[in-house]
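Below is one structure, written out as structure tokens; comments come after it.
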Amino acid sequence: MRKTYFTPGPAELYPTVEQHYRDAFDQQLGSISHRSQKFRDIYKHTVEQLRILMDIPESSGIFFTGSATEIWERIIQSTVEHETFHLVNGSFSKKFYDFSNELQHHAHKFEKPFGEGFDYAEITVPEYAELICTTANETSSGVQMRPAEIHKLKRANKDKLVCVDMVSSAPYPDLDFNTIDSALFSVQKSFGMPAGLGCWIANQAMLDKASKILESGASIGTYHSLPSLWKNYEKYETPETPNVMAIYVLGKVAEDMNKIGVSTIRKETEKKAKVLYDFVEKSDYLDIFVKNPEHRSQTVVVVNVNEKSPADIIKQVQAEANMVIGSGYGSFKDSQLRIANFAAVNLEQVEQLIDVLKTI
């Protein structure tokens, strides 16, 4: 019997993913050249579908890497000479900050306790920061930063680049890509695919900054520097042999989502999140971790567990319903649960999960 995964990544596969991979094998896409017209057509199709799904303007480039973690590094390498600024409220936003330090830049941060979110009005950006790094959804703590707050942050700092990590929420956040400069995600969460592909969206301002740094004689990396990726992207090619099959499947999943409509996916996501949060509010052994409703993630629901073992709950849910939920992250492993609310799971499955949790 197949399991249903409510884990925050890797997660439940999108319902059409297996068939798309079968089609990819039937077409022998694992053997084609990334310099072939067949691959260019695949790249172009995926870009076109992502533009429709996430309302990405033609002026922004869309690039593929091995992971979202790699993109953190490439963004900093390509667009920062001296200083970055990071909003940190969990393990992954902290890693983004750490990368800047490791790349020997002056990294500033505005840090909040695990589980708390950010509003624009409380943020002061350092004068000389070149890049502002935000997280639309902090996977470790279940905190979101609302798109409106990110947009305000950019409008108040037009001379700085703003990057949004949307790894565990894309395509849910309704980001204005005519306002922000860059965003990134990976496919093993809300897109419901096997891991192994990162997607980087960047605008002309990002490319201009990278080109300026390169012209100064400084190093911005090699094959996956932004100018290198952009030059190849203009031909719908990549600098190196990429994960062709994953790029193909991502395009097909985005096409499937477009048939549903991103507005419908967002409404369904919010409806499922409300059902989960409403259940937790009434539970006698679970508490909602993120106290401010405006900051609660819609795609990763994090709950405190009282007087019970999260590991025992995970084991019991799997035994009784063949459903897999996630543990808390890091030091919160023994006190929290993380329940993914991605597009691959439907309302009926969420309700089935709740029915099992009610019996514990």
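Across the chain, C-alpha contacts under 8 Å between residues 6 or more apart give a mean separation that, scaled by the residue count, equals a relative contact order of 25 percent.
Against the main long axis of the alpha-carbon atoms of the chain, helix 68-79 sits at an angle near 30°.
With all projection directions averaged, the alpha carbon convex hull of region 224-301 covers 8.5 nm². Annotation: the residues R155, R2, sorted from fewest to most other C-beta atoms within 10 Å of their own C-beta, follow the order R2, R155. Quarter the surface of the alpha carbon convex hull of region 17-259 and you get the mean projected area, 12.4 square nanometres. Between 0 and 90 degrees, the angle of helix 91-102 with respect to the longest Cα principal axis of the chain falls at about 30 degrees.
The calculated FRET efficiency for A319 paired with E18, based on their beta-carbon distance and R0 = 35 Å, is about 0.90.
Basic side chains Lys and Arg get +1 at the Cβ, acidic Asp and Glu get -1 at the Cβ, and with that the dipole of the chain about its Cα centre reaches some 440 debye.
Starting from region 156-212, pick out the trypsin sites (Lys or Arg not before Pro) whose DSSP state is loop and whose Cβ has at most 13 other Cβ atoms within 10 Å.
K158
For the pair region 160-193 and region 255-289, the centres of their Cα atoms are 19 angstrom apart.
Axis angle, to the nearest 10 degrees, between helix 262-282 and the longest C-alpha principal axis of the chain: 40 degrees. Here the extension length gained between M1 and S309 equals 108.3 nm, from 0.36 nm per residue of separation less the Cα-Cα distance. Model label sites at T124 and E281, defined 7 Å from Cα along the beta-carbon direction, differ in position by 3.6 nm. Every helix of 4 or more DSSP H residues in the chain counts as -39500 (n - 2.57), and over all residues that averages to -12500 deg cm²/dmol at 222 nm. Sparsely packed loop sites in region 224-287 (the trypsin sites (Lys or Arg not before Pro) outside DSSP H, G, I, E and B with at most 11 other Cβ atoms within 10 Å) comprise K235. Based on alpha-carbon centroids, what's the gap between region 38-104 and region 214-232 in Å, whole number please? Taking the Cα centre of region 214-232 as reference, the centre of region 38-104 is 14 Å away. With respect to the cross-link table entries K315/K358; K38/K252; K94/K267; K189/K315, which display a Cα-Cα separation exceeding 19 Å? From K315/K358; K38/K252; K94/K267; K189/K315, over 19 Å: K94/K267; K189/K315.
Model label sites at D355 and K231, defined 7 Å from Cα along the beta-carbon direction, differ in position by 5.9 nm.
Note on the chain: with a GNM built from Cα contacts shorter than 10 Å, the maximum mean-square fluctuation among I314, I123, I339 falls on I123.
Between S59 and S33, the modelled labels are 3.6 nm apart [label points 7 Å from Cα along Cα→Cβ].
Read-outs throughout are calculated quantities, based only on the coordinates presented, and are distinct from any laboratory measurement. If you're wondering where the values come from, they're calculated on a predicted model, not measured in any experiment. Ideal geometry is used to build each Cβ from the backbone, glycine not excepted, and the neighbour counts take in all protein chains shown.
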